[in-house]
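This report refers to the structure that appears directly beneath it.
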Amino acid sequence: MTLIRRTPLIAGNWKMYKTEEQAEDYIQALLPRVSATAGVDVALCVPFTDLRAMIDSARGSRVEVYAQNMHEEPEGAFTGEVSAPMLRELDVRGVVLGHSERRGMFGETDKALALKVPAALAAGLAPILCVGETEQERDNDDTDRKLRQQIKEDLAAVPGERLADVVIAYEPIWAIGTGRVATPEQAQEAIAFIRALVADRDEHAAERVRILYGGSVKPENAAELLALTDVDGALVGGASLEAEPFAAIVAAAARPSTTATGPSPTR
Ligand code: PEP
């Protein structure tokens, strides 16, 4: 069996923060800080209103620009929604899908995600699919069941040969924005479990698919989490809002470029 080295991905999730002007200041501060780091992919998942400015400012750099949501249909009478082809036309590289804030506050269902993930891939967007358990589910030993259900349902319509084009983010809900980070053992165990679930569908895809950890990642804990066997990067909320800590997390993930041969997600 050939050893597949997966290129780590550090993705910042700005949530509903930053006007276009603030975003512009941020990217000018970030670019020089990450330009020399090798062997790591860098993404910023920004509000819709920041997309065009960030794409223009990041063009030609190592920073890729992602959206934070999209509708599954390419167009239609869906007031307030944005479609995958609309994002692609702007040169958006990918999209976060199923973040727990969208699942919890805006009623995003596994049924909708089962349509959104393949719609993103079909349009040429790289989806970052978020999954994870609540604190109560963890306490009730229900973590595996929850992860199995989300992975099974959300990826049901993605064919085996496209599974590795999806990035999966394991984000225990109790660790998001709380300052409580999963222990390395908890993160490794859950992410290895998710990889095994992908292997049930397609073993080759499981070796190539990138699985991120998300939940209170900071410069101080990033290196330990990113060193775990199955952890292929991080989805970073709060610590991505300032260029300096975000660049420090990118640096913690950097690998010598000569050894990085991971998947090249769909453009
Ligand atoms: C997130 O928003 O996906 C996230 C992980 O947030 P934080 O890093 O602030 O916990």
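The values are calculated or read from the model by the stated rules, or taken from the named source; none is laboratory data. Values in this document were obtained by computation on a predicted structure and should not be read as measured data. We place every Cβ from the backbone using ideal geometry, glycine too, and count neighbours over all the protein chains shown. In case anyone asks, the SASA skips ligands and DNA or RNA and just uses the protein heavy atoms, side chains included. Shrake-Rupley method; radii C 1.70, N 1.55, O 1.52, S 1.80 Å.
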Just to confirm my numbers, what's the Cα centroid distance between segment 39-63 and segment 72-116 in Å? 18
What distance in nm lies between label points placed 7 Å from Cα along the C-beta direction at ASP144 and ALA196? 0.6
From the phi angles alone, apply the Karplus equation (6.51, -1.76, 1.60; θ = phi - 60°) to segment 40-54 and give each ³J(HN,Hα) in whole Hz, x where the residue is Gly or Pro. 9, 8, 10, 9, 10, 9, 10, x, 3, 5, 9, 4, 4, 5, 5
Expressed per residue, the solvent accessible area of the chain in Å² (1.4 Å probe) is about 45
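Could you tally the net charge around ALA112, taking each other residue with its Cβ under 14 Å from the Cβ of ALA112, Lys/Arg +1 and Asp/Glu -1?
Summing Lys and Arg as +1 and Asp and Glu as -1 gives -3.
Quick one: grab the alpha carbon gyration tensor of segment 9-259, order the square roots of its eigenvalues as a ≥ b ≥ c, and give me rounded if a/c is under 1.5, else prolate or oblate depending on whether a/b is larger than b/c. It would help to have the intermediate numbers written out before the result.
Details: a/c = 1.42, a/b = 1.09, b/c = 1.30.
It comes out rounded by the Cα gyration axes.
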Quote the relative contact order of segment 9-259 in percent (integer), defining contacts as alpha-carbon pairs under 8 Å separated by 6+ residues. 22
Solvent-accessible area of ASP25, probe 1.4 Å, all protein chains present, reported in Å² to the nearest ten, please. 100
Paired Rg and Dmax values of segment 125-223, which use every Cα atom, in angstrom: 13.3, 38
Cα-based shape type of segment 160-212, given that a ≥ b ≥ c are square roots of the gyration tensor eigenvalues and the cut on a/c is 1.5: prolate
Cβ-Cβ cut-off under 11 Å around SER57, Lys and Arg +1, Asp and Glu -1: the net charge is -3
For the chain, give the percent of accessible area contributed by carbon and sulfur heavy atoms, probe 1.4 Å, rounded to a whole number. 51
Mind jotting down the distance between the C-alpha centroids of segment 142-171 and segment 200-249, whole Å? 17
What does the C-alpha gyration tensor say about the overall shape of segment 1-81? Classify as rounded when a/c is under 1.5, otherwise prolate if a/b is larger than b/c, or oblate. oblate
